[in-house]
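Working notes, structure below.
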Amino acid sequence: MIKINDKKLKNMLTVLALIIFIILIIKYIKLNRTALTNDVIFSTIIIIFFYKFYDKLHQDYKSYFFLIFALILHDLGLYASSPLGIRFDHYMHFVGGFTIAILTDRIFNEKFSKTKRFILLIVFSLGIGAIGEIIEWLGYAILGLGEGFFRYGIGDEGEYRNAIFDLVFNSLGAITMAIITLFRKR
């Protein structure tokens, strides 16, 4: 079996993510979509944080990949689309819930029984998802309509329905990851 160099993969993923973020920033500046530029900058800060504290947070290349994938997916601004007849926002929140769960799983690095871990992953994903929905609502209340994480706009649907659907798909992603942990070897 091939041994994977975790540090090398972490560095390669970081460079790839930063290149994609730079391309997105240039694209959004040219298109005058500053709200999306702010989202990409926020994502870059998150990646730098996880890069710096990678070992202290017990991350591995799989969890780090999902973090980068989720942030890039979010920053692509595809919320008006519906691939395979399902709103992009639903995919995004499923991946987000899954990602929060895998990051949480690594942070608590085998400290709990599988049952406690299952519950913890779902609760953390729902809690962080709820914080995201509150931030989105505050952005709408303070900044008004628009694009990006900090505003209410394309991809958001019908006031509270949007928040509930987002949390449902966050929980489905978290449950999927939590089930994987039940069958994973320690």
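The values are calculated or read from the model by the stated rules, or taken from the named source; none is laboratory data. Since the model is a prediction, treat every value here as computed from it, not as a measurement. FYI the Cβ positions are ideal-geometry reconstructions off the backbone, even for glycines, and counts take in every protein chain you see.
Quick one: is Ile122 among the hydrophobic types (A, V, I, L, M, F, W, C), at pLDDT 80 or above and either closer than 19 Å to Thr99 by Cβ or crowded, with 16+ Cβ neighbours inside 10 Å (or both)?
When the stated conditions are applied, Ile122 passes them.
If you go through segment 86-120, how many residues are assigned to a helix (DSSP H, G or I) and farther than 30 Å from Ile29 by Cα?
Count: 15.
Quick one: is Ile48 surrounded by fewer than 16 Cβ atoms within 10 Å (Cβ to Cβ), of a type in the set (Val, Ile, Thr), modelled with pLDDT of 95 or more and part of a helix (DSSP H, G or I)?
yes
Which of the residues that make up segment 63-78 are in contact with a Leu (Cβ under 9 Å, 6 or more places away or on another chain), in a helix (DSSP H, G or I) and touching a residue at least 40 places away in the same chain (Cβ under 8 Å)?
Of everything in segment 63-78, those that are in contact with a Leu (Cβ under 9 Å, 6 or more places away or on another chain), in a helix (DSSP H, G or I) and touching a residue at least 40 places away in the same chain (Cβ under 8 Å) turn out to be Ser63, Tyr64, Phe65, Ile68, Ile72, Asp75.
Among (1) in contact with a helix residue (DSSP H, G or I) (Cβ under 8 Å, 6 or more places away or on another chain); (2) exposed (fewer than 13 other Cβ atoms within 10 Å of the Cβ); (3) in a helix (DSSP H, G or I), which single condition is Ile22 missing?
Going through the list (1) in contact with a helix residue (DSSP H, G or I) (Cβ under 8 Å, 6 or more places away or on another chain); (2) exposed (fewer than 13 other Cβ atoms within 10 Å of the Cβ); (3) in a helix (DSSP H, G or I), Ile22 breaks only (1).
Failed condition for Thr115, given (1) over 10 Å from the mean Cα position of the chain (by Cα); (2) of a type in the set (Ser, Thr, Tyr); (3) modelled with pLDDT of 90 or more, with all others met?
Only one criterion in (1) over 10 Å from the mean Cα position of the chain (by Cα); (2) of a type in the set (Ser, Thr, Tyr); (3) modelled with pLDDT of 90 or more is unmet by Thr115, namely (3).
Inside segment 93-117, can you point out the residues that are without any contact (Cβ under 8 Å) to a residue 40 or more places away in the chain and not aromatic (Phe, Trp, Tyr)?
Thr104, Lys111, Ser113, Thr115, Lys116
For segment 29-40, does any single residue satisfy the condition of being of a type in the set (A, V, I, L, M), at pLDDT 95 or above and surrounded by fewer than 17 Cβ atoms within 10 Å (Cβ to Cβ)?
no
Could you run through segment 56-108 and say how many residues are among the polar types (S, T, N, Q) and under 10 Å from the mean Cα position of the chain (by Cα)?
So the count comes out to 1.
Any chance segment 98-119 includes a residue that's of a type in the set (Phe, Trp, Tyr) and more than 28 Å from Leu182 (Cβ to Cβ)?
no
If Lys52 satisfies every condition in (1) of a type in the set (Lys, Arg); (2) closer than 17 Å to Ile175 by Cα; (3) free of Cβ contacts under 8 Å to residues at least 60 places away in the same chain but one, which is the exception?
Unmet condition: (2).
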